[in-house]
Amino acid sequence: MRVDVVSSENLSFQYNHSEVLSDITFRISEGDYVAIAGPNGSGKTTLIKVVLGFYRPSKGGIFLFGERPHLFKDWQKIGYLPQKSSTLNPHFPVTVWEVVSMGLLSRKKGGDISRADENEAIEKALEYMDIKDLKKRLLGELSGGQQQRVLIARAIVGEPELLILDEPTTALDPDTRDRFFNVLSEMNSKKTTVIIVTHDVGTIGKYASKLFYLDKKMVFYGSFEAFCVSREMADYFGEYSQHVICHRHDTAKPSFTL
Ligand code: ADP
């Protein structure tokens, strides 16, 4: 049976009486690869923060591996890449190796990883993101794109069961972006559930299997295939935009004779 990795029931959230998430119900199952998209200010980052227990819902419920996030303890199951601007003090004297090793902290605290396994996992994550040659460098000396690769390596180093990435590709050059998406697909094929917040709705359908389109309310949640043939979404976005978002052009073609 597929496990619910994240689920919500009639979830609402307010900042100072202003409702940002409204009556949202969804389930994300083990092995899903979900793209959360929507306009600026539509509540994407807020939703992630509610999922991770930074904020509690104003109404309704949210569950992480079946547990309320503020009671959840198995944080080693989760890799998280926050939106870039919120994470980094460039003057903090920490090396690339040390930053990536932070992604293993909760497993180290639990005593369930040996030094040799730790080193191997870090080397592998550095290799994945093609930053092995940077491992002794200070984070603050690197370019924005290199720093982003380091933070992605930190999020994936523990081979988490759930990977949550908030706008991960903004600072990446096209080659690194492709490499990154290949890594995500490989992890997803080995059962890592992926949730990726993106504004890039024209691209993400190449990679993700489900689309969660948010505009304070849940406008759409389902497979890209279902999105492509939805009459309601054609009315909402217009058929051209639906087609651009769709990214299942071949399979969807017959339904565009609607
Ligand atoms: P998105 O990630 O889709 O761009 P956000 O979740 O960041 O949207 O923001 C949703 C809305 O909540 C926006 O109107 C934003 O201005 C507001 N908002 C975000 N963070 C805060 C906060 N800490 N306090 C008050 N309002 C906030």
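The values are calculated or read from the model by the stated rules, or taken from the named source; none is laboratory data. Since the model is a prediction, treat every value here as computed from it, not as a measurement. Cβ coordinates were reconstructed from backbone atoms using ideal geometry, including for glycine residues, and neighbour counts include every protein chain displayed. Remember, those area values only see protein heavy atoms, side chains included, never the ligands or the DNA or RNA. Shrake-Rupley method; radii C 1.70, N 1.55, O 1.52, S 1.80 Å.
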Length gained if Glu30 through Lys136 is fully extended, taking 0.36 nm per residue and subtracting the Cα-Cα distance, is 34.6 nm
So with the 1.4 Å probe, I'd like the accessible area per residue for the chain, rounded to whole Å². 49
By how many degrees, between 0 and 90 and to the nearest 10, does the Cα long axis of helix 144-156 differ from the longest principal axis of the chain? 90
Quick one: compute the contact order of the chain, relative version, from alpha carbon pairs under 8 angstrom and 6+ residues apart, as a percent. 24
Between Asn10 and Met102, take the C-beta separation as r, use R0 = 41 Å, and let me know the FRET efficiency to the nearest 0.05. 0.70
Antiparallel as a % of all DSSP beta bridges within the chain, to the nearest 5? 55
Going by alpha carbons, how many degrees (0 to 90, nearest 10) lie between the helix axis of 174-189 and the longest principal axis of the chain? 80
Rounded to the nearest 10 degrees, what's the angle between the helix 115-128 long axis and the longest principal axis of the chain, both from Cα atoms, 0 to 90? 50
Apply the a/c threshold of 1.5 to the C-alpha gyration tensor of the range 1-109 and tell me whether it is rounded, prolate or oblate. oblate
Quick check of the Kirkwood formula: for the range 6-246, what is the inverse mean of 1/r over all pairs of different Cα atoms, in Å? 18.7
Cβ under 12 Å from Ser223's Cβ, Ser223 left aside: what net charge do those residues give with Lys, Arg +1 and Asp, Glu -1? 0
Starting from the Cα-Cα distance between Val94 and Arg56, subtract it from 0.36 nm times their residue separation and give me the gain in nm to one decimal. 10.5 nm
Computed E for Gln83/Ser143 - FRET, C-beta separation, R0 22 angstrom, nearest 0.05: 0.75
Calculate what fraction, in whole %, of the accessible area of the range 6-246 sits on carbon and sulfur atoms when a 1.4 Å probe is rolled over the protein chains. 47
Pairs from Lys49/Lys216; Lys77/Lys217; Lys73/Lys217; Lys190/Lys217; Lys59/Lys216 whose Cα-Cα separation, in the structure shown, is over 20 Å: Lys77/Lys217; Lys73/Lys217; Lys190/Lys217
Please compute the modelled spin-label separation between Thr170 and Glu19, points set 7 Å along Cα→Cβ, answer in nm with one decimal. 2.8
Most packed first (mean Cβ within 10 Å per residue), the peptides 39-45, 213-219 order as 213-219, 39-45
